[in-house]
Amino acid sequence: MDSESLRMMGESFLKAGDYGNAMRLYQRAANENPAHGASRLGLARTDQAMGATDAALNFYDQALSLDPNNAEAKLGTGQMLITKNRPADAIPYLNALQKADPGNYKIYNMLGLAHDLMGDQETAQMNYGRGLEISPDNISLLNNLALSFAFEGQYA
């Protein structure tokens, strides 16, 4: 099997929640074709799903070394850095994504989270607001905006 076929099979296992087989197939694809970035992304997503933040960051970094403009790898890196409470490190990845894809509400949500973690509620709230302009009923954005206001003592 070629690397792309192995990756597609790995995707099926990942979607089914069979992380062991997904990892095995993604790793085999990566070993057979060291330049196959999609297998690194699969490994990163699988580690992310399992809560293995450091391993996911490693594979996202490998994917970015193969394709520095890979949006999925930048998004995953941003998510993992926020998870590791490194919001200042996540912001450059997220800002680059926001410039490339200004219509993606998820990026604004993560930018808001990063700024909230750094204590910059005003910037966080502006990002949540931008996300809500795109997706007005998004529960994550609404909840995060409310929490951001609560951090400032603005309960109304």
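The values are calculated or read from the model by the stated rules, or taken from the named source; none is laboratory data. Predicted model only: the values in this text are computed from it and were never measured. Don't worry about glycine lacking a Cβ; one is built from the backbone with ideal geometry, like all the others, and counts go over all protein chains shown. Just so you know, the surface numbers come from the protein's heavy atoms only, side chains and all, with ligands and any DNA or RNA stripped out. Shrake-Rupley method; radii C 1.70, N 1.55, O 1.52, S 1.80 Å.
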Taking the Cα centre of the chain as origin, sum charge times position over the Cβ atoms of Lys and Arg (+1) and Asp and Glu (-1), and report the length of that vector in debye to the nearest 20.
220 debye
Report the charge-dipole magnitude of the stretch 3-67 in Debye, nearest 20, computed about the Cα centre from +1 at each Lys and Arg Cβ and -1 at each Asp and Glu Cβ.
140 debye
Roughly how many Å² is the accessible area per residue of the chain, as a whole number, for a 1.4 Å probe?
52 Å²
Return a whole-number percent for the relative contact order of the chain, with Cα pairs under 8 Å and 6 or more residues apart as the contact set.
12 percent
Options (i) 10.4; (ii) 9.6; (iii) 11.1 for mean projected area of the Cα convex hull in nm²; the value derived from the coordinates is listed as (ii)
What do you get for the angle between helix 121-134 and the principal long axis of the chain? Use alpha-carbon atoms, 0 to 90 degrees, nearest ten.
70 degrees
At R0 = 30 Å, how high is the FRET efficiency between Asn33 and Met118 if r is their beta carbon distance? Nearest 0.05 is fine.
0.15
Could you give the angle, 0 to 90 degrees to the nearest 10, between helix 37-50's Cα long axis and the longest principal axis of the Cα atoms of the chain?
60 degrees
Sorted peptide list for 99-108, 54-63, criterion being average Cβ within 10 angstrom, highest first:
54-63, 99-108
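Once the other residues with Cβ under 15 Å from the Cβ of Leu145 are scored (Lys, Arg +1; Asp, Glu -1), what is the net sum?
Here the count lands on -4.
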Each label point is 7 Å from the Cα along the Cα-to-Cβ direction; what then is the distance between the points at Lys84 and Ala100, in nm?
2.0 nm
For the pair Arg24 and Asp137, the simple spin-label estimate (label points 7 Å beyond Cα toward Cβ) gives in nm 4.3 nm
Determine the share of the stretch 77-156's accessible area contributed by carbon and sulfur atoms, expressed in whole percent, with a 1.4 angstrom probe.
52 percent
May I ask which residue of Pro68, Gly129, Tyr108 lies farthest towards the positive end of the charge dipole of the chain, with charges of +1 (Lys, Arg) and -1 (Asp, Glu) on Cβ and the Cα centre as origin?
Pro68
